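The values are calculated or read from the model by the stated rules, or taken from the named source; none is laboratory data. Note that the coordinates shown come from a computational prediction; the quantities given were computed from them, not determined experimentally. Cβ placement follows ideal geometry from the backbone for every residue including glycine, while neighbour counts extend to all protein chains displayed. Calculation scope for accessible area: heavy atoms of the full protein, side chains included, ligands and nucleic acids excluded. Shrake-Rupley method; radii C 1.70, N 1.55, O 1.52, S 1.80 Å.
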Amino acid sequence: MSKLIVCLTGMPGSGKSTVVSALKTRGFEALNLGDGVRAEARRRNLEPSGDNLGKLMLELREKNGPGAIAALLTEPIKNSQSKVIIVDGVRSTAEIEVLKSVGSVKLLSIEATADTRYKFLSSRGRSDDPATREKFEERDNRELGVGIGESIAIADETISNSNITLDELTELAYKVIEKWTDT
């Protein structure tokens, strides 16, 4: 049986990483596309600011093709003993195609309003989080520019992260994945 690769997509701050953290406590293995970019930034001794990581992501895609970021994860997926792997932060159909080369792919989109996402990101405290609404909108536009809107549009399932608790969000995601593993 091939590995099931559950790709989480959604705009920055929609709740993808939160879902991943909760699913990890239920025994799922998880990888993050952004971690690949952050690792490359460390190799190059770049400060992991939002601007630097954004530029590096675009540079890697320009140099190695639109699936370049996902390609950073193919070896860890192949080497994993897990039957189900959660991949956080898929942005484009090219990345999905790269991941299909190492397993069966399902796409789960997490949605939230711009206000909800901005509030979450501005309080999260990661080095690449936007400090202003202007930086937030710049980041959204950069994400849309690399095709995230298309990956959201073709998702196999979508969960709305509005007016629900963390437990409810986690349970919805878990049930979707459970359904996919039963088929």
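What is region 103-183 by shape, rounded, prolate or oblate, if you read a ≥ b ≥ c off the alpha carbon gyration tensor as root eigenvalues and call it rounded for a/c under 1.5, prolate for a/b larger than b/c, and oblate otherwise? Taking the square roots of the gyration eigenvalues as a ≥ b ≥ c, region 103-183 is oblate.
Could you give the accessible area per residue of the chain, probe 1.4 Å, as a whole number in Å²?
On the way: 9170 Å² over 183 residues.
Here the per-residue accessible area is 50 Å².
Spin-label model, S104 to L166: label points 7 Å out along the Cα-to-beta-carbon direction sit 3.2 nm apart.
To the nearest 20 Debye, how big is the dipole of region 1-126 about its Cα centre, given +1 on the beta carbon of each Lys and Arg and -1 on that of each Asp and Glu?
Working: 20 positive and 13 negative charges, 56 e Å.
Here region 1-126 has a charge dipole of around 260 debye.
Of the residues P12, A173, G65, the one whose Cα sits farthest towards the positive end of the charge dipole of the chain is G65 (charges of +1 on Lys and Arg Cβ, -1 on Asp and Glu Cβ, taken about the Cα centre). Protein heavy-atom surface of region 1-47, 1.4 angstrom probe: 49% of the accessible area is carbon and sulfur, with nucleic acids and ligands not counted. Stretched out straight at 0.36 nm per residue, the stretch from E138 to D182 would grow longer than its current Cα-Cα span by 11.8 nm.
Across the cross-link table entries K24/K83; K100/K179; K100/K135, which are compared at the Cα atoms, the separations over 22 Å belong to K100/K135.
Would you mind classifying the chain by shape? Square roots of the alpha carbon gyration tensor eigenvalues, ordered a ≥ b ≥ c; an a/c under 1.5 is rounded, otherwise it is prolate if a/b is larger than b/c and oblate if not.
Values: a/c = 1.65, a/b = 1.13, b/c = 1.46.
Verdict is oblate for the chain.
For the residue pairs K78/K106; K78/K175; K3/K175, alpha carbon separations beyond 21 Å are given by K78/K175.
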